[in-house]
Amino acid sequence: MTASVPDDLAVGPLEPVEVVDVALRRISLPLVVPFRTSFGVERERDILLVEVAARSGGGDHVTGWGECVALTDPTYSPEYVDGAQHVIEHHLLPTVLVEGPIEAADVGTRLAHIHGHPMAKGAIEMAVLDAQLRAAGRSFADWIGAATDRIPSGVSVGIFDEIDDLLSAVQGYVDEGYVRIKLKIEPGRDIDHVAAVRDLIGPDVPLQVDANTAYRRTDGEHLARLDPLDLLLVEQPLPEHDVLGHARLAEQIDTPICLDESLVSLDTTADAIDLGACEVANIKPGRVGGYLEAIRIHDLCRARDVPVWCGGMIETGIGRAANAALAALPGFTLPGDISASTRFYAQDIVTDPITVDDGHVAVPRTPGLGFEIDAGFLDSVTTSRVVH
Ligand code: SMG
Ligand code: MG
């Protein structure tokens with residue numbers, strides 16, 4: 001097998017692998033506290049994992065893991081976990097799994113004619129990439145040219161009805177050392193809540209807000225009331241498809257507009273930047289179809305001087321490890337939503353869960369995406385497993 005390189009990415013060659021079989025595993029993990037956003041409350045994660053059993057060119061057996069970030073319901077984006085499993089089983093795997101060697105970049109190429117489903121596609125690409133890296137004995141961080149050994153850790157704080165409850169949650173996270181606080185907001189729980197948090201943490205702790213599309217074009221004057229609170233950014237105030245609305249809002253308010261849900265690919269990101277709708281970019285690999293597209297978006301934003309940070313989808317230690325490596329690329333100049341595993345889970349499915357030390361997370365450097373599975377615990381939280 002010859003090693004090849006995705007031609008538009010500054011990564012080195014990585015040998016393809018032969019896929020033996022692919023297992024789709026579902027796990028159920030309760031959250032330590034409910035997480036409320038403008039679109040709903042998450043209490044438990046029902047997560048789809050993709051396990052690619054493969055053979056390296058030298059005949060070694062490796063297993064690569066991918067985590068699909070789709071939520072239970074199509075509330076954050078059109079994808080949802082049952083739908084992701086269905087499209088993977090019935091449309092994506094039959095197209096991807098052709099005879100012969102495969103590498104991560106082939107996944108996107110082979111699936112390009114299938115519309116949408118970036119989270120489902122990204123999970124397959126992630127598993128193939130993990131298998132290739134493990135076969136090569138390389139870490140993801142090393143392969144992509146991660147620039148640092150630790151990254152600053154931000155935390156995302158859900159919506160609370162009572163300001164006092166919000167303040168005690170924020171104080172707890174500040175005490176744990178998080179270097180940046182992100183508050184979820186929605187109409188009715190925004191200006192006063194954010195102002196109270198700014199008072200609590202003082203002017204020096206970086207603070208930002210995320211509306212998950214809860215506002216409308218007519219809310220510009222209202223959102224301008226965030227400006228005196230000195231926020232790093234306001235994330236996705238308007239609906240996913242309203243990129244023009246975000247550009248107009250950017251002219252009305254001083255707080256930089258950051259897009260999350262709207263950025264579904266390299267091209268949509270480039271257009272949003274051109275329009276003036278994206279002053280900061282939240283990069284989530286699952287939302288854009290995988291880590292390779294995420295790196296392309298990073299490269300674009302870096303070339304265009306648009307600051308980026310790594311978002312989170314309440315991942316397990318699988319996704320969080322890969323995100324921690326990605327966020328060590330030089331364009332990630334703002335702290336990401338890469339909080340400790342214990343922020344959401346009492347126990348993680350990896351033996352080396354993410355921890356926050358002095359406000360930072362170590363960039364994993366073990367072969368593969370940067371985690372080892374805790375097989376016993378993983379089996380104990382598995383609700384189904386189908387081999388293809
Ligand atoms: O993974 O730390 C995390 C959560 C970060 O707020 C977060 N994610 O819109 O950015 C976002 C949300 C999407 C998931 S909320 C259920
Ligand atoms: Mg967001």
Can you name every residue in segment 167-207 that is surrounded by 14 or more Cβ atoms within 10 Å (Cβ to Cβ) and of a type in the set (D, E, K, R)?
-> Glu176, Arg180, Lys182, Lys184, Glu186, Arg189, Asp190, Arg198
Among Thr95, Thr75, which is of a type in the set (Ser, Thr, Tyr), in a helix (DSSP H, G or I) and surrounded by fewer than 19 Cβ atoms within 10 Å (Cβ to Cβ)?
-> Thr95
Those residues of segment 124-164 that are crowded, with 19+ Cβ neighbours inside 10 Å, within 16 Å of ligand 1 (Cβ to nearest atom) and either small (Gly, Ala, Ser) or at pLDDT below 95 (or both) come to a total of 3
Sort through Asp254, Asp267 and tell me the only one that's within 21 Å of Ala211 (Cα to Cα) and surrounded by fewer than 23 Cβ atoms within 10 Å (Cβ to Cβ).
-> Asp254
Please specify each residue of segment 379-388 satisfying the condition of being under 25 Å from Leu92 (Cα atoms) and under 23 Å from the mean Cα position of the chain (by Cα).
-> Thr382
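Among what's in segment 245-268 and is among the acidic types (Asp, Glu) and under 18 Å from Gly116 (Cα atoms), pick the residue that is nearest to ligand 2 (Cβ to nearest atom).
Only one residue tops the list, namely Asp260.
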Tell me, which residue of segment 72-104 that is among the aliphatic types (A, V, I, L, M) and in contact with a helix residue (DSSP H, G or I) (Cβ under 7 Å, 6 or more places away or on another chain) is nearest to Glu125 (Cα to Cα)?
-> Ala104
Going by the structure shown, is Ala272 in contact with a Ser or Thr (Cβ under 9 Å, 6 or more places away or on another chain), within 13 Å of ligand 1 (Cβ to nearest atom) and either farther than 17 Å from Lys121 by Cα or at pLDDT below 95 (or both)?
-> no
Unique residue being in contact with a Phe, Trp or Tyr (Cβ under 9 Å, 6 or more places away or on another chain) and small (Gly, Ala, Ser) when the list is Ala104, Ala135, Ala54, Ala123 | Ala104
Here the residues within segment 302-325 that are within 19 Å of Thr269 (Cα to Cα) and either away from ligand 2 (no atom under 16 Å from the Cβ) or small (Gly, Ala, Ser) (or both) are Arg302, Ala303, Arg304, Asp305, Val306, Gly311, Gly312
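The values are calculated or read from the model by the stated rules, or taken from the named source; none is laboratory data. The shown structure was predicted, so the numbers you read here are calculated from the model rather than taken from an experiment. As a convention, Cβ positions derive from the backbone with ideal geometry for all residues, glycine included, and neighbour counts pool all protein chains shown.
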